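Notes follow once the structure below has been shown.
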């Protein structure tokens, strides 16, 4: 029997593969889905989860996961308390990141999201997982933003100096025991200078003294900079910690074809239908809370015509945001997106309608760019 040519063999393989995928994922093309929103919802309305929720701005930190996680946590707390949270009660996203990294012994350098993404270093991929931060907060509680006022992403200088603190500790911990002892006073002074130069993250009197820093360096024998960093930088959290043992379980639904991970020779459609159905179901719950999504953020800038090729592609700009509402307009369903950009709307496609700093995206277009849903039970 004659051997098949490579193009013919590939064509047959793709055809068989398509039949298998069609059998198990019949709605993969979205052709059989009615993208309609029967229920109009806006979680910013009085008495709902996002009422009076401030915009967070992550700046250039790439920390969208802990920022989104802090909003998800505080939305649940708002529903549970049946009132808006005071500024001093809100969860600090920076503390979520630092404390998670310290607790889980991930000695990666900033940005913090590398600590939750095992592929970040090997594949050069940015990313984080909202649920890991939520689960960490359930275990150890959350630190109030009142103790870390500048860490809302609005101070690039503060982030840069925090990075300097991390690397100072990393340099110290890389020394031999003998060199640590010899150079400890010099490193303690270096660390105190960095802490004192930050926009006051701690209440007056909470800034550690030179003696306290020296003691911390003396008795810490590990090699993870996040551990002493959390004790020195987040000293104010000891007085501003909210226990969260009743925080619901955080669930994850991954909705992606092989293309989502950059595999295959041609585009394999995602499971848009299942994603859309699940998202509507979550928003229709009694006392709903937002749903976190991983999606290609490029869709916000490019508009209706954008279709991603892969979650790992640089043009995708994988990102976390919250879905906080839904509505029907001109016969099409739209979802309301809360981003972590401080409510800026200058880079949003004219295809989308902005609404008090948030943005309404066409549901079908958004679903083609969405890979992961995460929510609280």
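The values are calculated or read from the model by the stated rules, or taken from the named source; none is laboratory data. Here the structure is a predicted model, which is why all the values come from computation and not from measurement. Cβ sites come from the backbone with ideal geometry, for glycine too, and all protein chains shown count toward neighbours.
Residue 328 meets each of the listed conditions (1) in contact (Cβ under 8 Å) with a residue 60 or more places away in the chain; (2) outside any loop (DSSP other than H, G, I, E, B); (3) in contact with a helix residue (DSSP H, G or I) (Cβ under 8 Å, 6 or more places away or on another chain) apart from (3).
The criterion of being part of a helix (DSSP H, G or I), under 30 Å from residue 78 (Cβ atoms), in contact with a strand residue (DSSP E or B) (Cβ under 9 Å, 6 or more places away or on another chain) and at pLDDT below 90 holds for residue 236.
For the subset of the range 242-281 comprising residues that are assigned to a strand (DSSP E or B) and at pLDDT below 90, which member is surrounded by the fewest Cβ atoms within 10 Å (Cβ to Cβ)? Before the answer, list the steps.
Initial filter on the range 242-281 (assigned to a strand (DSSP E or B)): 242, 250-254.
Now narrow it down to the ones that are at pLDDT below 90: 242, 254.
On the way: 242: 18, 254: 12.
Among those that are assigned to a strand (DSSP E or B) and at pLDDT below 90, it is 254.
Restricting to the range 289-305, give me the number of residues that are buried (at least 19 other Cβ atoms within 10 Å of the Cβ) and not in a helix (DSSP H, G or I). Of the residues in that region, 9 qualify. Applying the criterion of being within 13 Å of the chain's Cα centre (by Cα) and farther than 19 Å from residue 351 by Cα to the residues of the range 284-316, the residue that is modelled with the lowest pLDDT is 294. Does the range 347-357 contain at least one residue that is under 20 Å from residue 65 (Cα atoms) and either outside any loop (DSSP other than H, G, I, E, B) or within 16 Å of the chain's Cα centre (by Cα) (or both)? No.
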